Amino acid sequence: MELLLASTIGNDRKPSRTPTPFSGWALELAVSLDLESPGLLAASFCFGRRRRQAMFLVLANVREHGIEEIACRLRQRELAPEFRDLKDAALLGRAVVHLRRPRDLVLAVLGALPEGLLGALGRLGPDPLDQPDLYRELHRLFASAAPADRRRAKILGQIEGRLVGAQIEILKILDPVLMHPALVSKIHDVEQVTDLHYALAYIRTYCSGATEAGIRASLRLLRPEDSRVDLVRAWSKRFDRLPNDLDTSSDPTLVVLASAAAMNDAGGRYRNCILSRISDVFLGTHLFIEYQPIGRSEPGVIAELRRIERGFFLEGLYGVGNTRVRADRANLIRRKLAACGVALLDHAPASPKMMHAVAGMLGAWPMGVPDNACWGEEAIDAEDEHQPVLNEAA
């Protein structure tokens, strides 16, 4: 480099940008330097983004190491005669103003310029980062030879658009398997990282495919508009381990829909909206059981179970197309589920006809059959009316 801080008096460029002020810790330090080096503050308001961020990097070092240390570093360079006897604050102020190229300022203060650092600084926008120590972490990332740090620095370079300071801290604490630019670019605070880590632990528990290779592959499928929510939702549709299971091994006609794939298959065969309930099963609040009768000519039934503290209770029975299940078949399935420990809804001790009459007059029309009140009547020929019971008895 040429003689450091070679005089540019009388040769300063006139500001060509609209002044853009900044605030916070950086302004406080800049004001203190301006007292010893008048004009620094006004000039800095007209710096371009990269030059401003280079200045903020230097000011962050001043805040961490003290102005004496930074001035000492400058004096170790070859100074022009007119700058050798300046006070520490004045010397640093002159360096900020007269070293117009960001790379020269960073080299003068830090002694080295890691590859990619200036590019990252230029994408931070015109304002200083809220936490000055993030500048130290940013410099450390690009200066480090550790593979994990090199990967973090690479991801910062791959993120499209403007960087935010929180992304530097996010990369510091993010689980390495989640380090992908498409995901990191959509995370804007540390609390979101904590939530994502909890979600990842949950996914690993109930999705056998959530290996490191599987998770990285899913990250590559993220679209530009996707976020961490879309990642978790995609994995919920791949669960194959139940948070809450029900033992139906004693009854081969009751089949637990124990995975998202099984629910998807049932949704196609029953022409219903069970796919919209995948998240409920994934979270363990619900469970769906398919009644598969012995006679193949008989229609099956989907039973919706709700998780309670002591097991499950039957919340609904659904035929093909969400039709109402015929009463005798519904009663048969209730008994089967009850034998597996499923609780059934009940009402006052009265005959069904009495309950229907009173419930109808009180506007509680589904009370008589609370778990069998869908949109239409199951279509079954009269001659097959008693066949389910006979088949089960056989």
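Observations on the model:
- Highest mean packing first, where packing is the average number of other Cβ atoms within 10 Å per residue, the peptides 263-275, 350-362, 160-172, 43-55 line up as 43-55, 160-172, 263-275, 350-362.
- Residues Tyr198, Tyr291, ranked from the fewest to the most other C-beta atoms within 10 Å, line up as Tyr198, Tyr291.
- Residue separation of Arg75 and Ala339 scaled by 0.36 nm, minus their Cα-Cα distance, works out to 86.4 nm of gained length.
- Distance between the pseudo-spin-label points of Arg233 and Glu309 (7 Å out from Cα toward the beta carbon): 3.4 nm.
- 10 Å binning of all Cα-Cα separations within region 174-238, expressed as whole percents from 0 upward: 21, 63, 16
- Cβ-based charge dipole, the chain, positive-most Cα from Leu121, Val58, Leu92: Leu92
- Region 79-156: GluC sites (Glu not before Pro) falling in loop per DSSP and having at most 15 other Cβ within 10 Å: Glu115
- The simple spin-label model puts a point 7 Å past each Cα toward its Cβ; for Asn322 and Glu225 those points are separated by 2.6 nm.
- Förster radius 51 Å - calculated FRET efficiency between Asp189 and Cys46, Cβ distance, rounded to 0.05: 0.95
- With a simple spin-label model that places each label point 7 Å from the Cα along the Cα-to-Cβ direction, the separation between Tyr198 and Leu27 comes to 3.6 nm.
- Counting lysine pairs in the chain that sit 8 or more residues apart in sequence, or on different chains, and whose Cα atoms lie under 25 Å apart gives 5.
- Rounded to the nearest 20 debye, the dipole magnitude of the chain is 1640 debye, with +1 charges on Lys and Arg beta carbons, -1 on Asp and Glu beta carbons, and the Cα centre as origin.
- Linear extension gain, Val177 paired with Ala145, 0.36 nm per residue minus alpha-carbon span: 9.6 nm
- Rh by Kirkwood over Cα pairs, then Stokes-Einstein D for the chain at 0.890 mPa s and 25 °C, µm²/s: 92
Every read-out reported here was derived from the displayed coordinates using simple, explicitly stated rules and does not represent laboratory data. All values reported here derive from a predicted model rather than from experimental measurement. Positions of Cβ are generated from backbone atoms using ideal geometry, with glycine treated the same way; all protein chains shown enter the neighbour counts.
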